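Following: one structure in structure tokens, then a few remarks.
The values are calculated or read from the model by the stated rules, or taken from the named source; none is laboratory data. What you are looking at is a predicted structure, and each value in this text was computed from that prediction instead of being measured. Every residue, glycine among them, receives a Cβ derived from its backbone with ideal geometry; neighbour counts consider all protein chains shown.
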Amino acid sequence: MGKLTDWKNRLKDRHMFTIVMVIIILLISVIALGIYTYKKQREFREVAENDYNMAFYELVNYMEEVETYLAKSTITSTPEHAAKTLSHIWREADLAGVYLAQIPINNEGLSNAQKFLNQVSDYSYSLAMKTINREELTDEELKNLEQMHEYSVGLKNTLNQLANEINDGEIKWGELTKEGTKAFAQQVSNIGAEGFGNIEATFDDYTGLIYDGAFSEHMTSPERKGLTGENIDENKAKEIVREFTGTSEDKISSNGLSENGNIASYNFIVNENENSKSISISQKGGHVVYMNYYRDIEEEKIPEQEAIEIGKKFLSEKGYSSMKETYYLKQEGTIVVNYANEQDGVIIYPDLIKLKIALDNGEILGMESIGYLNCHTERKIEKNMISEDQAKQKLNPRIEIQSQKLAIIPTEYNTEILCWEFTGRVGDNDFLVYINAKTGKEEDILMIVNTPNGTLTT
């Protein structure tokens, strides 16, 4: 009996040990599963956060594009140009609506914003179809576009404010569902159901700031008209670098010939001090294509206009005469100025050279002449053209004209047009309007953006 009792007790101990081990294993498994689930949820939240960020910033961009094109649509004077502008609005408003639908905020304000974008898209499409058939917009339709523009400005500003808060880490997406609701509700409620019912809104296409100046995206030419001269070898290119920079030959090293870019060029590095200077010389003709140099600038001592004149003098000394400044941008102690060729009093926008000038001592830190090398040639300026007064008659009567001049502008089809360029204002917005100097057709409208750092166009 004693042996039997002892055997039973040992059996119980082993049974309890097994139970304890099972419990421990289960606890470890639960903890491991919890950690795994937490990590997966965290990864999911990060993926969702990135997706929301992408959708939100795409929305901001498209909203800004819509606002810009809406502003342009209010001063167009020809069905042809109106059709182009309205088509942009239709497309961008539709895309803005797609990204708005991905934002994780559910409230009446966002519903109204979505409704607004839908109506913008629908209305701009209907007007585009009308203008394609060469029908002009009525006063009522222009008034509707103007009201839509006012609404788009408010919504754009609200989105930009939220974007700043997200960038600064003030709110996360979880908080945005609360804070963003308040922000949208405050702005969008001003639109109201009645307002949406009375007007069919349109939204603008935001092209962004054109830092290279007006028409820079069209300044290419397969002919390379400004790329004159015979082919040179690397030694000749090195000599040009020495003369252009005033640097001794032993401080110039070669990075070889690059044939993959817009213009085949010899690339060099100039080591004058702790900062190196990059410079490219075209294989054909030995022209300076690109130069760039960076150094710290602690204090701005030179006014913008003085720097612009320094750049103009530099270009003249290097053989580029008759260059006139157009647009500029200040950044990090430097000013980037766009200079266009001027012939017989006509500004030729395709012949573009950009200079980066230091605002502490006026040193030329950078140069880019691709537009000039692609397009520069002696133009035959059309004499048989409409007068300035005749061109003015083609403008929308709402624009207040501030200045005018003749200009040659490039088109997206690699052609050029002689135009009367009018600078004017409608409300708080400044515009450039281009009227074909031969036909009187409205060729293009650009919005001028005056910033503390420079004058840009969209």
- Message: For the structure I just gave you, tell me whether E58 is closer than 19 Å to Q147 by Cβ, in the same structural domain as D122 (by TED's automatic domain parsing), of a type in the set (D, E, K, R) and assigned to a helix (DSSP H, G or I).
- Response: no
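Table: residues versus (1) modelled with pLDDT of 80 or more; (2) surrounded by 19 or more Cβ atoms within 10 Å (Cβ to Cβ); (3) in contact with a helix residue (DSSP H, G or I) (Cβ under 9 Å, 6 or more places away or on another chain).
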position: D212; (1), (2), (3): no, yes, yes
position: E230; (1), (2), (3): yes, no, no
position: E239; (1), (2), (3): yes, no, yes
position: G246; (1), (2), (3): yes, no, no
- Query: assigned to a loop (DSSP other than H, G, I, E, B), touching a strand residue (DSSP E or B) at 6+ places or on another chain (Cβ under 8 Å) and hydroxyl-bearing (S, T, Y) - does that describe any residue in the range 323-333?
  - Reply: no
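Here is a check on your reading of the model: is T377 hydroxyl-bearing (S, T, Y), in contact with a Gly (Cβ under 9 Å, 6 or more places away or on another chain) and over 30 Å from E306 (Cβ atoms)?
In short, yes.
Considering every residue within the range 346-367, establish whether at least one is among the charged types (D, E, K, R) and modelled with pLDDT under 90.
Looking through the range 346-367, none of the residues is among the charged types (D, E, K, R) and modelled with pLDDT under 90.
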- Before we move on, is A32 surrounded by 10 or more Cβ atoms within 10 Å (Cβ to Cβ), of a type in the set (G, A, S) and at pLDDT 75 or above? no
- Query: If you go through the range 362-369 one residue at a time, do you hit one that is surrounded by fewer than 15 Cβ atoms within 10 Å (Cβ to Cβ) and on the phi > 0 side of the Ramachandran plot?
  - Reply: no
- Item | Flag for P397 being at pLDDT below 95, in contact with a His (Cβ under 6 Å, 6 or more places away or on another chain) and not hydrophobic (A, V, I, L, M, F, W, C) | no
- Task: Scan the range 414-441 residue by residue and report those that are surrounded by fewer than 20 Cβ atoms within 10 Å (Cβ to Cβ), of a type in the set (S, T, Y) and closer than 20 Å to A82 by Cβ.
- Result: T439
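Every residue in the range 263-275 that is polar (S, T, N, Q) and either surrounded by 15 or more Cβ atoms within 10 Å (Cβ to Cβ) or at pLDDT 90 or above (or both), please.
S265, N267
Is it true that D344 is touching a Cys at 6+ places or on another chain (Cβ under 6 Å) and among the acidic types (D, E)?
No; evaluated as a whole, the condition is false for this residue.
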- Task: Any chance you could count how many residues in the range 255-285 are over 30 Å from the mean Cα position of the chain (by Cα) and farther than 26 Å from G371 by Cβ?
- Result: 4
- Task: Only residues that are touching a helix residue (DSSP H, G or I) at 6+ places or on another chain (Cβ under 7 Å) and either of a type in the set (S, T, Y) or not in a helix (DSSP H, G or I) (or both): list them for the range 125-166, please.
- Result: Y125, T131, R134, E135, E136, L137, Y151, S152, T158
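Please work out if D444 is of a type outside the set (S, T, N, Q), outside the structural domain of S282 (by TED's automatic domain parsing) and surrounded by fewer than 19 Cβ atoms within 10 Å (Cβ to Cβ).
Against the criterion (of a type outside the set (S, T, N, Q), outside the structural domain of S282 (by TED's automatic domain parsing) and surrounded by fewer than 19 Cβ atoms within 10 Å (Cβ to Cβ)), D444 does not qualify.
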- Go over the candidates L127, L70 one by one and state the one that is more than 25 Å from the chain's Cα centre (by Cα) and buried (at least 24 other Cβ atoms within 10 Å of the Cβ). L127
